[in-house]
Amino acid sequence: MTARHILEKTIYGLLWLAAATSVVITLAIVFSVLFEAIRFFRLAPLTDFLFGLEWSPQLALRADQAGSSGAFGAVPLFLGTLLITLVAMLVAIPIGLFSAIYLSEYARRGTRNLLKPMLEILAGIPTVVYGYFAILLVAPALQRIGATFGLDIASESALAAGLVMGIMIIPFVLSLSDDIITAVPRSLRDASYALGVTPSETIKKVVLPAALPGVMGAVLLAVSRAIGETMIVVMAAGLAAHLTFNPLQSVTTVTVQIVSLLVGDQSFDSPKTLAAFALGLTLFCITLALNILALMIVRKYREKYE
């Protein structure tokens, strides 16, 4: 019994140490970004950063240098991120959700066991491969289609990046939604069928309302995944910070600018480099809020159906 108690205490201590290490690492990351962001906001006003309409982090090295105004208005970056994320969600949510409904409600067991792993392979493809797919196939195809209808689509556009990003996120929405729909109690379906309701009506009136909180949580998590994507946007949408609502033009996102600001030999004393930490802190707050919202939705409405 003594050896057993010692072993249990040792395992308990190791598990506690692992959990504490995770918390410490998370706090270290947050505070390291926070301190550098505070240094940036001492050099550039917070209001100009959050509400400014021009992003030009190039600082002038001499008084007569042109094109180096040092404007740090992040609204074009936020708008570009929102635009690409919206296009991606318009692709990923319908395809992923409908695929999950088919696999969980209509497909046979053998078909499900075959199709679901094949669809989830998309999640294992490196994002740089999706970037090549976007610039070599999707963007030229969109340009040809746009020329047919008289539309001027840029070679690097939010539409191309959003479409490919949506394809990348499909298995994320599919897997989570499938697990959530499958978890709906079988008794609800049986009760619906006993009343003479068709399978499609059962899905619309019984299964989806019961699974809706979990599906909403999955969608919000997918949005967080899309906001944090970098490589596809770099390769397919460009680096220009344009203030536009047009998905046919080139835009950039927060993550792309973070990468571009930190590339090369940079000094961490300049506002240009510190701006990357301010963008990182903003991105962290946005994704954290989305994850908290997803958890709140799941916890609030799950009790209703349980």
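Annotations for the structure displayed:
- CD proxy at 222 nm, helix term only [per DSSP H run n ≥ 4: -39500 (n - 2.57); per residue of the chain; nearest 500]: -23000 deg cm²/dmol
- Based on the reciprocal of the average 1/r between different C-alpha atoms, the Kirkwood radius for the stretch 180-306 equals 18.0 Å.
- Along the chain, longest interval not containing exposed chymotrypsin sites (Phe, Trp or Tyr not before Pro), exposed being DSSP loop plus at most 15 other Cβ atoms within 10 Å: 1-148
- Length-normalised contact order for the chain - Cα pairs under 8 Å, 6+ apart - percent: 25 percent
- A run of the chain free of exposed loop cleavage sites, with trypsin sites (Lys or Arg not before Pro) counted only in DSSP states other than H, G, I, E and B and at most 16 other beta carbons within 10 Å, reaches its longest extent at 109-306.
- Cut-off 15 Å, label 7 Å out along Cα→Cβ of Ala123, residues of the stretch 225-262 by amide N: 225-226
- Full-extension gain in nm, Ala20 to Asp190, via 0.36 nm per residue minus C-alpha separation: 56.7 nm
- Within the stretch 152-179: backbone nitrogen closer than 19 Å to the Thr244 label point (7 Å, Cα to C-beta): 152-165
- Using the Cβ-Cβ distance between Leu90 and Tyr12 with R0 set to 51 Å, the FRET efficiency works out to roughly 0.60.
- Here is the tail figure for the chain: Cα pairs spaced more than 27 Å apart come to 56 percent of all pairs.
- Segment Arg42..Thr198, full-extension length gain: 49.8 nm, with 0.36 nm per residue of separation and the alpha-carbon distance subtracted.
- Taking the accessible area of the chain, probe 1.4 Å, and keeping the other protein chains in place, the carbon and sulfur fraction comes to 69%.
- Stretching the chain fully between Phe31 and Thr230 yields a gain of 69.4 nm (0.36 nm per residue, less the alpha carbon separation).
- Rounded to the nearest 20 debye, dipole of the chain from Cβ charges on Lys, Arg, Asp, Glu: 960 debye
The values are calculated or read from the model by the stated rules, or taken from the named source; none is laboratory data. Here the structure is a predicted model, which means the values were calculated and not measured. Cβ sites come from the backbone with ideal geometry, for glycine too, and all protein chains shown count toward neighbours. Ligands, DNA and RNA are stripped out before the accessible areas are found, and what is left, the full protein with its side chains, is counted by its heavy atoms. Shrake-Rupley method; radii C 1.70, N 1.55, O 1.52, S 1.80 Å.
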